[in-house]
Structures are given as structure tokens and as C-alpha cells.
């Protein structure tokens, strides 16, 4: 059994990690760390964690964690996370970081968008971007994985193959993304209160959302040239799920069948990617509580534009489920392990 | 035009007061006071207040308020409210207090349930309990009105006539009440966040909710003897509305028709009370955004129990609408004034 | 008092018309027609309609309507509506049609997108497109008004001035629109049931929604040349409201200030249009239950794209409120009449 | 591997059975029957059923089912279900019936409340009431199990031990129950549409709900005498979950500790029952998507009343999860099998 610890376990991604690991057939939870809840049972904070029994949150004790863990998931905020991850790596542990700290190839891009100095730049070059559909082989040998963002996973997987195969233009891409409220984390903010969010809908961080830079990084690699795009996130009055509506221009002569073929070429054997037939689109309830991403598309010949819609659960494929998938790869397990039982239509 | 000011205007009852007063045909808003938002336009905090134009929140300036107002609504927290209300009364203003401070006939009951010393006990005996259906004549001549609580309005109006007419036993009454989340106010609390409230339902303050004492006070007056009852509030994942399911024992020989007759006797001419035929029950959407309370009932002969269901909007008839109704009475206006246009089925 | 009748009064736009007219200071409801509910009180179907008293739905009796009405609102489905509207016009009544039947300048465009033969083509040329911000003068003298669609009002008002003033390119416009569920009407469909809609989000009618043609018609007139654009509607798990996120390309040299100036030029005196400062965006709760449309924008200089966000309530400014606004104009009333009291932040 | 078939697989309890069985480590799905969807892939109707691959709904073929199945779950409507279950039993299959048809000890009670003649009365005496916490031993040897209703499971488990141990009076019990909308099934009804259910709350079937008779049957057995009680169901604007607030009278001398002890005595070793400390109450999010029932209680000494709150997921412990638990017992499997991974706080 792989011994897994979680740091920053009290938030929603931490909750999801505890949830998933408590049912994983080949892993067990070692330490769960939360400074603000140290000493409290996980079940007191989240009574749904029936399977965690008497397990309690602990203070951060690097030696205890190093001794009792094979892998550590960090769900700390960015910058704070890199500091702790660095120390854990130096103690020889495998680390999966759910913050943004190890997602960037170019530290200066990170520092520009996150407006902090990177606390552990020496590790960046060794970190692998944890998107299994693209970097599976590198993840297999990684010591530290930068687990991708939720919006970014949903956006990159929809566009990467099409750019790589030059089926669409790298210019003028628009990603209109909508996310459930759990993406904002578990916070005491009036703006996130039920009365403010329910029966409402709004855009936020228009032209300035940090995930823009992460999406552009990976799509530039796919396109073989710099990609600059429009990314607009919106807040949905639901708990989980992201749906991205993507607009782009097909290259001359590209037909519906070509788009489908490109997706098949890249994702045919993928355990968690669903490609729908042309004109069939995913809804959030098709993937919520699951590790799947579902992608649909349609060519609007009237105006020569390709519309792609992709959907995933922000806490699973967009965060903690993908982190478990990365763990499975890093430890040579079946990629499905611990991730099979999750879909919930209602 | 009556000049009305609002103190503690930034919360949801304050918002509703601003909303209602901005459309009132015979009143206009003088001052809106919010220490934490002083200097800010009301429309910046609540962009839906289109009709408030450039109106800004102010700091509390008793002299300015006294000079420019005929009536003041206080939406301050209990205890803080009584202090301010006392000063305003002494300056000769009419005051409608939406806190609990002037609802109690016996200061010691207030002090026991609210666990504070009453800051202005000398005013209590002059204050009128602002339930128009019961105390309309007294309200007409009042300088200070203690505006009833939301749960209490919903509970008292359903039971008062039946106890007064001895149609039901004063023993063994159970009030199982469910409220929308706006009843908790506009707060930055993780427990009130969308992800915690949505798709959830829970009881709270079981056996200890303060409104119990207010309900018992009025129903004891109706019954002519002490009434002690069971009151259990629950939190609904909706924004507005209260529905109370009430269980009580009919006195011997009481029939369906008798219940209906009693309600008719008390409420036939009431502008904002709807009595449904036996077996027809109100839903929250029948009254939301309105100043109406709707009451239904059914006698379960199989087990000799009367079930009453009453519904209202906690921010309107349960708070700010009732406060406007009280203002209308105090100033001799049509009771409907400013309260006609509100029902919203969806 | 203007005597107004409603045909097809049982659906949500009919409900909203009854709601609004029952509080209108210069209009009163004459006949409410619903074949499927004839004989039933409006309050039985919608108990929130307290102010409608004993008013009952009737069968369609053209003579009775003609005799007792100054104006008729038709909320019938398209095609059925034109037939009835034609007869009412011939009897000399003023008619406001909420269906699509009288929105098109070119009957063949209507017939192509709605896939029916127009039942009353001779009236089309006399009908006025009921968007007051653009066609106020024509509406004033109209006998029959084609009341615009919900998505179309939200889209056209955001783009019309910018195209007219050549501030943006007429090519490549993308409208990503999201609507509350009341837009689908009151229907018994499993797909519209609470369990299917709640906690979900999806696109629908991708590349094929009929409102596309209506938007293109008006924007082509603004641009002075044919405009073909991408319009993608989505279903929000809320009851009311539309928010459209619009992407377009600014013409060379256009700055933020230019955009704001163009909007000011067209909408400065408009009673129901709010233009926000650059970078401030509307949310659905800013306009729900109101007749306002709120528009925000931001120039993304990094990629030279203009993002516009517009929001309105689909049942009010997107349907019944705009219909009342049109009635006010047609009868020379204050445009605010009956439309002042509606905003609801929560 | 146990081969399990589902009849009436297209509704929400059928969906949940497919969901659970597709992840069960010792069972596999044989046939899924739905007349209205025969020939269609399960994934077309419910795209979240990723694990069902190409599995298609079939027409009802009793021979094929008998040949290929060890156990059959019937999710047909009552009366239709008994007919099919009878035939399957005669073919030697084990049957778990999720309808009400085999829940009653006295056929005439069933016929009175369900207003149909029982189509298969000869099987009733052999059927076992499938509540494992009370009838585990009988379930072990049963050929046919009548799987309990959702409200009934939530109510009976909260009260059975207390009545059995004479800790509470069998008279005057009140059950005020609230259920999510999935309890109404997957239906095309305007009353179940999003716009009608959302932001609303209502009671229904007041004094007449059929589950009353099922609760009374079991509690009468516990009390050793006839129990008649008040049961009032309400419709919550959520998808899943039931919370019941129960009011009863403690017998003389009963203390908090006694209540806790009685629950411990009956449920200490139960795999899916959580008993909370006095004054700690379950919420729906503590049990949603899980097979757990959670029970809390408090003695209100002021008025000598015991308040019990119990919560479960209506589709899992209230239906399909409990059915799987029964299957596990009937086939000698670990009772947790296939039911471990389900809790979802958000």
C-alpha cells in the first residue's frame, strides 16, 4: 500500500483527496495536515468522511511526514506550497503539488502573473507538468509533478491535438469558460455566500485570469509558436464542474471528420477522455464527480468557425482526481485505480 | 412626502427597505446610514438599486437624521439598536426598530434569551409590538414600534386566532419552521457559502432559538395562560421565504369549518392575509417578494390533529415590508401604499 | 385607464404581463385568454397573483376582446400568434406580439428559420420592431409591434451603436449567451425538470438557434452590410436572467474611451439602459426582476479584442417588460409607468 | 461474480442501481430492461454511465433474464412490479423489489393505501421486509425482499429502538419530513420543472402519504401495539436527500444518556448507521451519495419532548443502496461491498 499524505487538507481539494484516497485500493492515507484544524478529526470538519474514522488533522511536521509517506499531495496556496514541496523533495519524497508553483517552464511568466518571487526556482526544471494525456511518460519518472489547473485542463485537452496537427489556426482563439463555485475554495467571503451566488451569474477576472498564462504556455508548445488567446471565466451557481465553450478558426479544407480523427488519434486509448460525435455536446452532469473530461465539437460552415465544448469536474479531473491519476502513473499502478466509481448524473 | 431614514442600511433588511421606499408613492428616503460603507453609493454595493441614483451611505449623525426625517427604520443588531433608537425617540422622531430590542413586554425575558442587559429599558413600556393584524390601533398612536421577527410573524398569525377562540389546545404545539438563507443576513461566513448551503438542508438552534420566546409571549396573551411550545428552525437552500408546518390538538368537537370561521373572523378584511380553503396549502412561491402571509390547514381526523401551514417572505412580511406597513399605519396612509407590486411566482 | 388584454396568458411571459399590468398606474387588465385554463381563476394557476382577485381565464372571443380592449398582448406560440394578431388588427386594435411573427423585415428569413409559412404576410410591412432604444419614434405610431426576443435584445443593444459608429468590425463577432430556465417556458418536459437542470450547465441549439437570424437582421442594418456571427446559447440553472459575453474586434485606433463615448451617445437619456465604466461588468442579479439592461466592456489590448458583457431579465426587458414599455410609448405614457418597482438583488 | 439484472432501469433508482453495480467488486450487470428505451445504450440516456460501455436497454424477456441472472432488481411502478416479480420468483430467481408491493404484512393495508388489488398475494407471506438493521437474519434466507421506502427507512430507523425499549410514548409521534426532488422520479411534469421547484418549498400529500402506513406497520411491531402517527412530507429544492425532524414524548424518567444507550444497543455494530452525540444533528450533506443514515437527538427538558433528526440519501440508503446491501446479505458478501466509495460533502 502506498502511503500518501496531504498538506493543506482542509479545503475542498484536500477534502476530495481524502475522499478519493480513503477508497483507493492500493493507497492509504498517512498524515493529513491543516494548521488551522490541527487536533480536530477530519470527520468533525467534514462528517461525510465516514471512512476516515478517528483520523485527525495534524500540524506540519516534515520529519514525521517524510518518515511515514511515499508521496505527498500539497493543497497549499501558491508560493507557500513551493516552499514546503522543496523541503519534501529534498527529503526524497515524491510530491504532487496542486498549486500553480510547479506548472511553469519559465519562472518569469509565473512571477509576472502571480506577482510573487518563486521561492524554490531550482526545482522548476525538474518538475513535470501533470497532464497525463500529454506527458504520461515524463510523469512516470518524475519526483515532483505540477498538477494542472482546472480551467487549464479543460482548455488544453480540447485544443492541444488540433493545434499540434495544424487543424485550427493558433490565432483568434476564444475560451469562454464557466465554473462551479467550489473552484473558489472554502472561504468566508460575503461574495461567495449563498444569497450572492445563487440565482446569479457573472464573469470575473476578465482579461486577467492567471490560468490564461498556463493555457498559453502549453498551447504554444503544441502550435510550435506563441499563442495568445482570450480567456473569460464565469461563476456558475452550481457546486462542481467546468464547461468551456471554445471558438476557433479551422484551417482551410478542414472538415468535421478531420476534427474527429485528430481527437481519436490522440485520445483513443485514454482512460478518462470521451470524444463525442460531431454535434453531440457534453453537459456538466455527464462528468460531475468523475475523473472524465468529455469533448464535443461542431463546424459552423455558415461562418467557417469551429465550436468546441469541453466539460470536467473541477475538483476531480481539474484537481484531486488528476492528482491521483498522476500518483497512479508515478507508482506504476493501473491508472483507473481509485478513480472508477465516481460519476453522478444527479 | 414622508421623509424616512434607515440606519444599518447595508444588510439585506436594509436593502429591502431601500428597495421598497424608493418606490413608495408617499415616502422618500432621507438618510441611509452604514458605518462600514460610509461615502459609498448604495448602487455600488447593490447595483440593482437603480432608482437610488447617486445616494450615498453616511456615517451616523443623529442631529442630521433628526432634522431631515419624519421616521427612522433601524436595522442595526440587537442591543446596538436600542441605544440609537432611544436617542432618536428623545429627539421626537418616530422609530421602527427591526431588531428584537422593543419586542418584549418583560425585559427579563429579553435579557434571558439575548444574554445582554437592555440598554434602554425605559422605552420598552411605550413600545408597541408591530403586528398590524393584532395591534393596529396601538400602532396608529405609537412613537416606537418593535417590528416582529420573521419566524414569529409566520407562527403567531397562524395560531393567535385559534388560541384566542379556544379552538385548539395551548399544550403540545409544535412549530417546524424552514427559512431561506437571507434570514441569516449578509455575512462572510464559510457556513453560509454557496457550496455549504446549496444541495443541503439542516436544522439549527434546536430547542434554543430566540424567536421561541417571542412566539410564546404573544401566544400566551392569546391563550390567557402560559404557552410553552416546541420551535425548530431549519435552513433552506433558497434565498427568501419561510414556511412553518404547525401541529396542534383541536379542542373537542372542533371541525374543519370551525377553523375556517375563526380565521375569517380575524382576518377577513386584512390587506395582507390569505386564508386558504381546508386542505389547500401555501407554498413559498405564492408569497415570495410580497407582503402577504398565506395560511392553510387540515384536520387529520384519523389521529385528531390539526396541521397548519403558513408561509411568508422573511424579508418582506417577516421584516421590511411589515415595517413599511407599520409606517403606513403610523402616518395614516393606505396600508397598501408601496407594498402592492411585489409578488413573484418565479 | 388603458384596457389591455392578454392572449396566451398562462405561460411565464403571460404571468409576467399579468403581474406588471396589475400594478400599472394607467392600465388595467381586460381579458386574459387561455384555452387550456378557460374558466379557472388566474390565482388558482398562479397564487402569487393576489391583485387579480377573481379574474378568470377565458376562451378566445375576438369580438369580446375587440370591444373591451385598447391593446392586446399576444403570448401565443409563433405562427398561431400571427393568425390571431391579424384578426385583431383588422378590428382596429393595437397589438403587441411577443412571438417571432412580426420581427422580420424579410418574410423569407422568418420562413427559413422557423420552418413555417407566414400566416399573415400582409401585416409584416406595417409591423414595427419593438426595440424602443432604436425604433422609439416608429413604435409611437405603430398599430402592431413585433416584440423582440430575449437573447436578441441583450445582444443587439450591446452591439448596435458600436457597429453603427464603426467602432468595431462587423466580422468575427461571437456571442456566448447564457439564459435562465424560464426562457424555455412552462412545459412538462423531463429535460426541464429540476433534477436535470439543477447543478448542470449545457449549451444547446449550437449554430442553429433562431435568434441568430433576428440578431443578424438588426446588426446588418446597423453595419450597413450583411453581418454573420456566431451565437451560442447555454442553459443556466437559475430561473431568470440572461448574460451575454460578446467578443469582437475593435477597429484600428479605437480606445476604451471611444467605446464609452459611443454608448453614451446612444443611451445617455435612455430610461432602462445602464452603461458601466470600462472594466465594470454587470451580473444577472443587477437586473433581475427589472426592465433594465446593463452593459459593461473592456478592451483587451494584449490581443486587440473588445469584450462586452450585457445582462437583462429575459421575462422583463427580454419579453413582457419591454412589451409594457412599448405600450407606454404607443399610448403616450411615461415610459417608466408600471416598470419602476422591479429590481431584486436577492 | 453475481449476475444482476435490473427491470425498469431507466428511472433514477434504476440509474443508481446501474451506477452502483457497475463498480461492485463481486457483481456484474446482466440485463437492463426498459421498454421505453429498448435498443438504446444506457450511456445515451445517462452519459455519466461511462463504465457501462456499449450496454443497451432491452425489452422484458423473462426467459433470457432467468437464464442469465442470479438476482433481479425491480424498479417498476407498484402493482406492475409484483406481477413481474412473481414470475421471476417462480423461475427460481432471487428478487429485490424496490416498489411497495412486497412491503406489507397485511395485504389489505396495501390495497387500502395504494388503491389496487394485489396482483400476487401468494408471495406476500414469503417476502421479507428489507431493512437490514432489523431483519438481517431473515433477509439472509429470503428469496424475495420488499425493499423499504425512502421516507420509511429514514423514519423507522430513528424510532424503532426507542419504541422497542419503551423509551418513548407510542402516542403523539410527529414526523416532519423533507425530501429532495429525485424522490419524485424522472417525469415530464410541469410541477417538477426547474422553475416551479427551485426557490420554492412546499408540503404535499398532507395526512395522506402512503409511506405513513408502512411506517406505522413497522413501528406498531416495535411498540407491541398499534401506532398511529402524523407524517408530513415536503419537497426540497435539492436533488437528493431526506431529513426527518421527529417529535415524540419521552417516557417518564428517560434521560439523554438513555436515548444514546438505546441507539448504541441496536446500532453499535451497524455498518451504515451513525449515531451522533446528544445535541449534534445530521445534515443532508453528511450522507448524500452514501448508504449511511445519520441520527441525532436532543431532549427538550423545558417542554419534555424528544427531538430526533435523521438523514439519508433517498436514492441510496432510501432505495438502491439499501437494495445492494440486501443483495450483499442474501449472497453472503461483505455488506460494504460496492457501497464504500460514495459520500460527497459537496
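The values are calculated or read from the model by the stated rules, or taken from the named source; none is laboratory data. Being a predicted model, the structure only gives us computed values, none of them experimental. In this analysis, Cβ positions are derived from the backbone assuming ideal geometry, glycine residues included, and neighbour counts consider all displayed protein chains.
Below are the figures for this structure:
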| quantity | calculated |
| --- | --- |
| All positions within region C:99-110 that are modelled with pLDDT under 95 and part of a loop (DSSP other than H, G, I, E, B) | C:105, C:106 |
| Hits in region C:136-156 (condition: assigned to a helix (DSSP H, G or I) and more than 14 Å from every other protein chain (Cβ to nearest Cβ)) | C:136, C:137, C:138, C:139, C:140, C:150, C:151, C:152, C:153, C:155, C:156 |
| Residues within region A:45-70 that are within 19 Å of residue A:93 (Cα to Cα) and assigned to a loop (DSSP other than H, G, I, E, B), tallied | 5 |
| Subset of region D:17-44 (residues that are closer than 12 Å to residue D:338 by Cα and not in a loop (DSSP other than H, G, I, E, B)) | D:17, D:18, D:19, D:20, D:21, D:22, D:27, D:28 |
| Which listed residue, of B:156, B:134, is closer than 25 Å to residue B:248 by Cα and outside the structural domain of residue B:265 (by TED's automatic domain parsing) | B:134 |
| Test: residue A:248 is within 14 Å of chain C (Cβ to nearest Cβ), crowded, with 21+ Cβ neighbours inside 10 Å and without any contact (Cβ under 8 Å) to a residue 24 or more places away in the chain | no |
| Residue that is on the phi > 0 side of the Ramachandran plot, touching a helix residue (DSSP H, G or I) at 6+ places or on another chain (Cβ under 9 Å) and either within 11 Å of chain A (Cβ to nearest Cβ) or buried (at least 18 other Cβ atoms within 10 Å of the Cβ) (or both), where the choices are D:8, D:14 | D:8 |
| Flag for residue D:308 being touching a residue at least 12 places away in the same chain (Cβ under 8 Å), within 11 Å of chain B (Cβ to nearest Cβ) and in contact with a helix residue (DSSP H, G or I) (Cβ under 6 Å, 6 or more places away or on another chain) | yes |
| Residue in region A:157-177 that is surrounded by the most Cβ atoms within 10 Å (Cβ to Cβ), counting only those that are under 17 Å from the mean Cα position of the chain (by Cα) and within 14 Å of another protein chain (Cβ to nearest Cβ) | A:175 |
| Which listed residue is farther than 21 Å from residue D:271 by Cα and touching a strand residue (DSSP E or B) at 6+ places or on another chain (Cβ under 6 Å), from D:107, D:94, D:187, D:117 | D:94 |
| Meets criteria (within 14 Å of chain C (Cβ to nearest Cβ), in a helix (DSSP H, G or I) and at negative phi) for residue A:285 | yes |
| Residue match in region D:232-243 (condition: over 30 Å from residue C:198 (Cα atoms) and either out of contact with any strand residue (DSSP E or B) (no Cβ under 9 Å at 6 or more places or on another chain) or not assigned by TED's automatic domain parsing to the domain that holds residue D:24 (or both)) | no |
| Test: residue in region C:111-133 that is assigned to a strand (DSSP E or B), in contact (Cβ under 8 Å) with a residue 24 or more places away in the chain and under 19 Å from the mean Cα position of the chain (by Cα) | yes |
| In region C:196-233, residue surrounded by the fewest Cβ atoms within 10 Å (Cβ to Cβ) [restricted to those that are out of contact with any helix residue (DSSP H, G or I) (no Cβ under 9 Å at 6 or more places or on another chain) and facing another protein chain (nearest Cβ under 7 Å)] | C:207 |
| Which listed residue, of A:33, A:95, A:71, is buried (at least 21 other Cβ atoms within 10 Å of the Cβ) and more than 20 Å from the chain's Cα centre (by Cα) | A:33 |
| Hey, residue B:88 at pLDDT 95 or above, under 30 Å from residue B:258 (Cα atoms), away from chain D (no Cβ under 14 Å) and over 19 Å from the mean Cα position of the chain (by Cα) or not | no |
| Residue match in region B:113-135 (condition: surrounded by fewer than 21 Cβ atoms within 10 Å (Cβ to Cβ) and within 14 Å of another protein chain (Cβ to nearest Cβ)) | yes |
| Residues being more than 16 Å from residue B:198 (Cα to Cα), surrounded by 23 or more Cβ atoms within 10 Å (Cβ to Cβ) and within 11 Å of chain B (Cβ to nearest Cβ) - total across region D:178-195 | 2 |
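Results for (1) in contact (Cβ under 8 Å) with a residue 60 or more places away in the chain; (2) away from chain C (no Cβ under 14 Å); (3) crowded, with 22+ Cβ neighbours inside 10 Å, shown as yes or no for each residue.
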{"site": "A:238", "(1), (2), (3)": "no, no, yes"}
{"site": "A:241", "(1), (2), (3)": "yes, no, yes"}
{"site": "A:267", "(1), (2), (3)": "yes, yes, no"}
{"site": "A:272", "(1), (2), (3)": "yes, yes, yes"}
{"site": "A:277", "(1), (2), (3)": "no, no, no"}
{"site": "A:296", "(1), (2), (3)": "no, no, yes"}
{"site": "A:325", "(1), (2), (3)": "yes, yes, yes"}
{"site": "A:331", "(1), (2), (3)": "yes, yes, no"}
